[in-house]
């Protein structure tokens, strides 16, 4: 039976990974895989980082909320137009 040796990470490496994960919109699992760190360890590092930093610093960005309302509405209009064209194409092909 193989015993796993426990990996040790420098505080600079931890800080780099945590800051990257807080600034990124990618899921924690993807980031953990990129840095070859278990997801649970990354989660613990993030909790420790957030709990130890002052309230007056920049807030943690809301992951996934990077698009503004105007951008989302514009994208919605474009997708509706595209859907309308595709439905028209399907109707024409059905009649042919």
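Any read-out appearing in this document is the output of simple, stated calculations on the displayed coordinates, not a laboratory observation. Just so we're clear, the structure is a prediction, and the values are computed from it rather than from any experiment. Neighbour counts run over all protein chains shown; Cβ positions are idealised from the backbone, glycine included.
For this structure, a couple of remarks:
- Residue order, fewest to most beta carbons within 10 Å, for 31, 92: 92, 31
- Length released on extending from residue 69 to residue 85, taking residue separation times 0.36 nm less the Cα-Cα span: 3.3 nm
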